[in-house]
Amino acid sequence: MTRKPDVSCVFVCHDGDGRILLARRSARARDEPGAWDCGAGALEFGETFEEAVTREVTEEYATPPQDITLLGVRNVLRPGSHWVAVVFSVRLDPAAARIGEPHKFDELAWFRPGELPTPLHSQLPHTLAMVTAA
């Protein structure tokens, strides 16, 4: 059997005024329940990156992106998985964002970068480093 990496579109949503949107992973989340994280989703066959981000943001936060900016790409190597993460900064209307997938998330909140909640998802610091480097 040949294993290949999967592709994920990771997005850090912001309000254009310095705050970022994080979601707390529910007890039914795939991994790290209770951890705060940005959004992400697998790229589907035939989708552009922007189409995937638009679909995933709308599914997760129940509102479409206002602006999408590519930040970069990183490898995510974890036991039993390998993802190529294409990372984006996405502007959202903060008044419109709400939980669109309650089976994955149980809380959404806006935070200033120096005032992040705990615990953070293990991959989030690596993603946020790409935001601050941009």
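The values are calculated or read from the model by the stated rules, or taken from the named source; none is laboratory data. Bear in mind that the values here come from a model prediction, so they are computed numbers and not experimental data. Every residue, glycine as well, gets a Cβ built from its backbone with ideal geometry; the counts of neighbours run over all protein chains shown.
Quickly run through region 99-108 and pick out the residues that are in a loop (DSSP other than H, G, I, E, B) and either among the hydrophobic types (A, V, I, L, M, F, W, C) or more than 14 Å from the chain's Cα centre (by Cα) (or both).
Step one: list which residues in region 99-108 are in a loop (DSSP other than H, G, I, E, B), which gives 99-104.
The answer is Ile99, Pro102, His103.
Considering only region 75-111, state which residues are out of contact with any strand residue (DSSP E or B) (no Cβ under 8 Å at 6 or more places or on another chain) and over 17 Å from Asp6 (Cβ atoms).
Result: Asp93, Ala95, Ala96, Gly100, Glu101, Pro102, His103.
Restricted to region 109-128, and to residues that are in a helix (DSSP H, G or I) and surrounded by fewer than 12 Cβ atoms within 10 Å (Cβ to Cβ), which residue is modelled with the lowest pLDDT? Explain how you work it out, then say what you get.
Step one: list which residues in region 109-128 are in a helix (DSSP H, G or I), which gives 113-115, 124-128.
Next, from what is left, pick out any that are surrounded by fewer than 12 Cβ atoms within 10 Å (Cβ to Cβ): 114-115, 125.
Details: Gly114: 92, Glu115: 97, Pro125: 96.
The qualifying residue modelled with the lowest pLDDT is Gly114.
Considering each residue of region 101-132, count those that are over 14 Å from Phe11 (Cα atoms) and without any contact (Cβ under 8 Å) to a residue 60 or more places away in the chain, and give that number.
3
Show the residue pairs meeting these rules: Cβ distance below 7 Å; 6+ apart or different chains; first residue within region 41-68 and touching a residue at least 60 places away in the same chain (Cβ under 8 Å); second residue not in a loop (DSSP other than H, G, I, E, B).
Sorted first by the residue in region 41-68, then by its partner, the list stays empty.
For residues that are part of a loop (DSSP other than H, G, I, E, B) and either without any contact (Cβ under 8 Å) to a residue 40 or more places away in the chain or among the hydroxyl-bearing types (Ser, Thr, Tyr) (or both), scanning just region 5-29, find the one that is surrounded by the most Cβ atoms within 10 Å (Cβ to Cβ).
To start, the set of residues in region 5-29 that are part of a loop (DSSP other than H, G, I, E, B) comprises 5, 15-19, 26-29.
Those left that are additionally either without any contact (Cβ under 8 Å) to a residue 40 or more places away in the chain or among the hydroxyl-bearing types (Ser, Thr, Tyr) (or both): 17, 26.
Details: Asp17: 9, Ser26: 16.
Looking at residues that are part of a loop (DSSP other than H, G, I, E, B) and either without any contact (Cβ under 8 Å) to a residue 40 or more places away in the chain or among the hydroxyl-bearing types (Ser, Thr, Tyr) (or both), I get Ser26.
Please determine whether any residue of region 58-67 is surrounded by fewer than 17 Cβ atoms within 10 Å (Cβ to Cβ), in contact with a helix residue (DSSP H, G or I) (Cβ under 7 Å, 6 or more places away or on another chain) and not acidic (Asp, Glu). Lay out the reasoning, then the answer.
Within region 58-67, the subset surrounded by fewer than 17 Cβ atoms within 10 Å (Cβ to Cβ) is 58-59, 62, 64, 66-67.
Next, only the ones that are in contact with a helix residue (DSSP H, G or I) (Cβ under 7 Å, 6 or more places away or on another chain) stay: 64.
Narrowing further to those that are not acidic (Asp, Glu): 64.
Yes, region 58-67 contains a residue that is surrounded by fewer than 17 Cβ atoms within 10 Å (Cβ to Cβ), in contact with a helix residue (DSSP H, G or I) (Cβ under 7 Å, 6 or more places away or on another chain) and not acidic (Asp, Glu).
Name the residues in region 22-49 that are farther than 14 Å from Glu107 by Cα, hydrophobic (A, V, I, L, M, F, W, C) and out of contact with any helix residue (DSSP H, G or I) (no Cβ under 6 Å at 6 or more places or on another chain), would you?
Narrowing region 22-49 to residues farther than 14 Å from Glu107 by Cα: 30-32, 40-49.
Filter again for hydrophobic (A, V, I, L, M, F, W, C), leaving 40, 42-43, 45, 49.
Across region 22-49, the qualifying residues are Ala40, Ala42, Phe45, Phe49.
If we keep just the residues of region 30-69 that are in a loop (DSSP other than H, G, I, E, B) and hydroxyl-bearing (Ser, Thr, Tyr), which is nearest to Asp6 (Cα to Cα)? Step through it out loud before you land on a result.
Our first condition is that a residue be in a loop (DSSP other than H, G, I, E, B); within region 30-69, this holds for 30-35, 38, 43-48, 62-66.
The next check asks that each one be hydroxyl-bearing (Ser, Thr, Tyr); those that pass are 48, 63.
On the way: Thr48: 15, Thr63: 26 Å.
The extreme case among them is Thr48.
Return the total of residues in region 78-104 being under 22 Å from Thr132 (Cβ atoms) and either surrounded by 17 or more Cβ atoms within 10 Å (Cβ to Cβ) or hydrophobic (A, V, I, L, M, F, W, C) (or both). Break it down into steps so the answer makes sense when it comes.
Filtering region 78-104 down to residues under 22 Å from Thr132 (Cβ atoms) leaves 83-92, 94, 97.
Still in the list and also either surrounded by 17 or more Cβ atoms within 10 Å (Cβ to Cβ) or hydrophobic (A, V, I, L, M, F, W, C) (or both): 83-90, 92, 97.
Count: 10.
Assigned to a loop (DSSP other than H, G, I, E, B), in contact with a strand residue (DSSP E or B) (Cβ under 8 Å, 6 or more places away or on another chain) and on the phi > 0 side of the Ramachandran plot: does that describe Gly72?
On the way: assigned to a loop (DSSP other than H, G, I, E, B): no; in contact with a strand residue (DSSP E or B) (Cβ under 8 Å, 6 or more places away or on another chain): yes; on the phi > 0 side of the Ramachandran plot: yes.
No, not satisfied.
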